[in-house]
Amino acid sequence: VTGQKAALETVMTTQRAVRDLLPDPVDLGVVLDCIRLATHAPSGSNAQAWDWIVVTDEHVKRTISELNRPAAEAYAARSDTAPGVREGVAILAATMHHVPVIVIPCYRRSPDSASAHHSDAAYYGSIFPAVQNFLLALHARGLGATITTMALRRLGELRAVLALPDDVFPNAVIPVGWPRSPASRPPSRRPAWDVSHLDRYGIRFPRTDD
Ligand SMILES: Cc1cc2nc3c(=O)[nH]c(=O)nc-3n(C[C@H](O)[C@H](O)[C@H](O)COP(=O)(O)O)c2cc1C
């Protein structure tokens, strides 16, 4: 494992949201292999109550694209969001039905489950570690993807087109494909010293160079 540290760090630090994807096909075996790696993630009680819907059907992709479009276009028209993200969201809104694969990670949840904070944390905390593993596995193979959630605003229609049972909830809509252009630069992130507190909120770490 020690020898793989640098490779893992490179994959982790260069993975980012890729919204401009080519329509070229992606081997479903590769997608399934990435789902295999995704599901090495933890889940509460190791329940592994996830279902991964891998969409290639043109009608389903077009429907999902239409569910994403209104919120994406509204977002792209806003002036209070980062221009790079806005531009990417607009490109994806216009091209989502052309991407080769859209993956919807779902997790089972009782439809009437309480919305207590601890239960939300346990619920989302049981699917998003796997989602991040999925993104990393795709990136390590040169594939691009983005977590999107805008189509979830049209939950009923999304559930219907995917034929989801009542206790299976979609948590993201992830277009997957080959990036149109090579990654520009590693994503910018707030430094660790700036986001960390020692023992109690407000006790800060000294500033470092990274
Ligand atoms: C919970 C969540 C929801 C997101 N929803 C959307 C979305 O609906 N549409 C979209 O294009 N990107 C969406 N993103 C992607 C973020 O905008 C992206 O991860 C962030 O800007 C960092 O991008 P970078 O890794 O390229 O720096 C979402 C990300 C997360 C974690």
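The values are calculated or read from the model by the stated rules, or taken from the named source; none is laboratory data. Just so it is clear, the model here is predicted, and its values are computed rather than measured. All Cβ positions, glycine included, derive from the backbone under ideal geometry; neighbour counts span all protein chains shown. Areas reflect the complete protein model, heavy atoms only, side chains present, ligands, DNA and RNA absent. Shrake-Rupley method; radii C 1.70, N 1.55, O 1.52, S 1.80 Å.
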- Does Arg180 meet the test of being within 14 Å of the ligand (Cβ to nearest atom) and either touching a helix residue (DSSP H, G or I) at 6+ places or on another chain (Cβ under 7 Å) or open to solvent by 70 Å² or more (accessible area, probe 1.4 Å) (or both)? no
- Task: Would you check which residues across segment 160-177 are within 16 Å of the ligand (Cβ to nearest atom) and either farther than 18 Å from His97 by Cα or out of contact with any strand residue (DSSP E or B) (no Cβ under 8 Å at 6 or more places or on another chain) (or both) and list them?
- Result: Phe169, Pro170, Asn171
- Item | Scope segment 92-114; condition open to solvent by 50 Å² or more (accessible area, probe 1.4 Å) and farther than 26 Å from Thr39 by Cβ; matching residues | Ala94, His98, Asp112, Ala114
- Query: For the subset of segment 139-159 comprising residues that are of a type in the set (Lys, Arg) and away from the ligand (no atom under 14 Å from the Cβ), which member is farthest from the chain's Cα centre (by Cα)?
  - Reply: Arg159
- Determine whether Ala137 is touching a Leu at 6+ places or on another chain (Cβ under 8 Å), open to solvent by less than 70 Å² (accessible area, probe 1.4 Å), of a type outside the set (D, E, K, R) and within 20 Å of Val30 (Cβ to Cβ). yes
- Message: For Pro129, only one of the following conditions fails: (1) under 27 Å from Met12 (Cβ atoms); (2) away from the ligand (no atom under 13 Å from the Cβ); (3) in contact (Cβ under 8 Å) with a residue 40 or more places away in the chain. What is its number?
- Response: (2)
- Query: Within the set of pairs 6+ apart or on separate chains, which have a first residue in segment 72-96 that is without any contact (Cβ under 8 Å) to a residue 24 or more places away in the chain and within 12 Å of the ligand (Cβ to nearest atom), a second that is part of a helix (DSSP H, G or I) and open to solvent by 50 Å² or more (accessible area, probe 1.4 Å), and C-beta atoms under 6 Å apart?
  - Reply: Ala76/Arg86
- Message: Every residue in segment 170-209 that is more than 28 Å from Thr149 (Cα to Cα), in a loop (DSSP other than H, G, I, E, B) and not charged (D, E, K, R), please.
- Response: Leu198, Tyr201, Gly202, Ile203, Phe205, Pro206, Thr208
- Message: Looking only at segment 25-63, count every residue that is touching a residue at least 60 places away in the same chain (Cβ under 8 Å), open to solvent by 50 Å² or more (accessible area, probe 1.4 Å) and part of a loop (DSSP other than H, G, I, E, B) and tell me the total.
- Response: 4
